[in-house]
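Trainee: Structure incoming, see below.
Since every read-out is calculated from the coordinates, none of them should be taken as a lab result. As the structure is a prediction and not an experimental result, all values here were calculated from the model. No Cβ is skipped: glycine too gets one built from the backbone with ideal geometry, and neighbour counts run over all protein chains shown.
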Amino acid sequence: MKGSIIGLAVALTALRAFTCAGAELRPRSILVLDQSEARGPFYYQLFSGLREVVTKDAKPHTTLYAENLDLSRFKGAAYEQSLQRFLKEKYQDRPIGVVVTVGAATLELALRWRDELWPETPVVFALVDEMDFARLKPPPDVTGTIVKLGLADSIAVARALVPKLKTIAVVGDQWDRQVIFRNWKDELPTAAAGLNVVEIIGQTMREIRSRVAELPEDSVILYSGVYSDGEGTFYPPSFALGLIAEKASRPIVVAAETFLSPGGIGGYVLVPSLIGTDAARQALRILDGDQASNTPATATGGVKPIFNWMQMQRWKVSQSDLPAGSEIRFREPTFWEQYRWQSIAIGAVILVQAVLIAMMLHERRKRQVAEVDSRHRTSELAHVSRQATAGELSASIAHELNSRWGQFSPILKPPS
């Protein structure tokens, strides 16, 4: 029995050593496959968050590769085959330790190409929602973060913004061209039950701008993403939102942080930098020796209720109407917040001036009192001096009279 236990311990130790050795032999490199094109601000921020974590990692340097597959503008079997050939030729001499996929469409392609391009290489996915995760059913050595952000969350925000909500206008490209919110189509019947749904989907930018300008007061716009004007011009969906917001007659609920500044009022939004951070940390753990199969997929923390203060003012939405814990962006600072130190400096100058003026007035008052006292004393001295002079003059006159009287008294004395 004792020998069996010792044998088992030796076997476990050997297995652990073999596993660690395998982890150490894993190439310290990450290939990021992004379903977007390079110009979009959302994916730029996502990659920036990922790169920052990898760059700051204390372990040996990790090589970071990135490819933008541009699946929002190009589709079809021929295009996918060309991407596969390109990646195979480009990275045939570059060993990859972990493949990171961004978006459900990219994960689907990576799973399809994996045996040929990256056999036995673990995959970490990001920006995949619950419905796509259930549909793709990735194998055990594929892990990542699941986005829990359904259409129902955006509609809940719409109801909070417009208490008497009756209509939602869903604005975006054709559902099959959506790379993040394409599952909203399947959620509409349930999530929007009891509401009038206006689908402004797959139309030209001119048609979209015309229709959003004529919506009734009891409606809200839900924006998924527009990637082109429908007439041959392509652009990031955040740019398209800015064009739509110029004409929109109702608030626009959005589900991405990068849709706030172009004119979205906000909602439960995807924060791309946090999503990239989650993906980078999971990839680094695998490079450090963790097994992807022992790291189950978890919900991302990159979804937060964030709102645009300027749009709130435009549509007269109070902060008390928003979901608990909401963050407010683009709030105009108060005068005190904007000019705090200038105000303190001006106040200090005014205070010093007031003190100096008070001291000067006090000194002036003291001088006035001293002058009055001096004039009073001078007057008294003058009065005393006049009295003394009068007394001396009276005495001198009396003496003179007495002297004169003594001279004339024998003459004037009557005879006896």
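Trainee: Could you order the peptides 311-322, 270-281 from most to least packed, using the average number of other C-beta atoms within 10 Å per residue? It would help to have the intermediate numbers written out before the result.
Mentor: Working: 311-322: 14.4, 270-281: 23.2.
My ranking of the peptides, most packed first, is 270-281, 311-322.
Trainee: Kindly write out, for segment 258-264 in residue order, the coupling ³J(HN,Hα) from the Karplus curve 6.51 cos²θ - 1.76 cosθ + 1.60 (θ = phi - 60°), rounded to whole Hz, with x marking Gly and Pro.
Mentor: Couplings: 6, 8, 6, 5, x, x, x Hz.
Trainee: Oh, and also: Could you run the Karplus curve 6.51 cos²θ - 1.76 cosθ + 1.60 with θ = phi - 60° over segment 393-398 and give me ³J(HN,Hα) per residue in whole Hz, x for Gly and Pro?
Mentor: Along segment 393-398, the couplings run 5, 5, 5, 5, 5, 5 Hz.
Trainee: Among (i) 4, 18, 26, 24, 15, 8, 4, 1, 0, 0; (ii) 4, 16, 20, 15, 10, 6, 4, 4, 3, 3, 3, 3, 3, 3, 2, 1, 0, 0; (iii) 4, 16, 23, 24, 18, 11, 4, 0, which is the computed P(r) over Cα pairs in 10 Å bins from 0, in percent?
Mentor: Calculated P(r) over Cα pairs in 10 Å bins from 0, in percent: the matching label is (ii).
Trainee: 5 Å is the cut-off here: which amide hydrogens, built 1.01 Å from N in the peptide plane, fall below it relative to ILE146, excluding neighbours closer than 5 in sequence?
Mentor: Correct list: THR298, ALA299, THR300.
Trainee: Under 5 Å between amide H atoms, partner at least 5 residues away or on a different chain: which partners does VAL170 have, H built in plane at 1.01 Å?
Mentor: VAL198, GLU199, ILE200, LEU222
Trainee: Further, regarding this structure: Show me the ranking of peptides 377-389, 33-45, 199-211 by mean Cβ neighbours inside 10 Å, starting with the highest.
Mentor: Answer by packing, highest mean first, reads 33-45, 199-211, 377-389.
Trainee: For the chain, modelled as a Gaussian network with Cα springs under 10 Å, which listed residue fluctuates most, ALA126, ALA152, ALA390?
Mentor: ALA390
Trainee: If you don't mind, there's one more thing I want to ask. Sum up the charges of everything whose Cβ sits under 12 Å from the Cβ of LYS247, counting Lys and Arg as +1 and Asp and Glu as -1, but leave LYS247 out. Walk me through the numbers before you get to the answer.
Mentor: Details: positive: ARG206, ARG209, ARG211, ARG250; negative: GLU207, GLU214, GLU246.
The answer is +1.
Trainee: Return the calculated 222 nm mean residue ellipticity for the chain, to the nearest 500 deg cm²/dmol, obtained by summing -39500 (n - 2.57) across DSSP H runs with n ≥ 4 and dividing by the residue count.
Mentor: -17000 deg cm²/dmol
Trainee: Per-residue counts of other Cβ atoms within 10 Å, averaged by peptide: what ranking do you get for 246-256, 49-59, highest first?
Mentor: 246-256, 49-59
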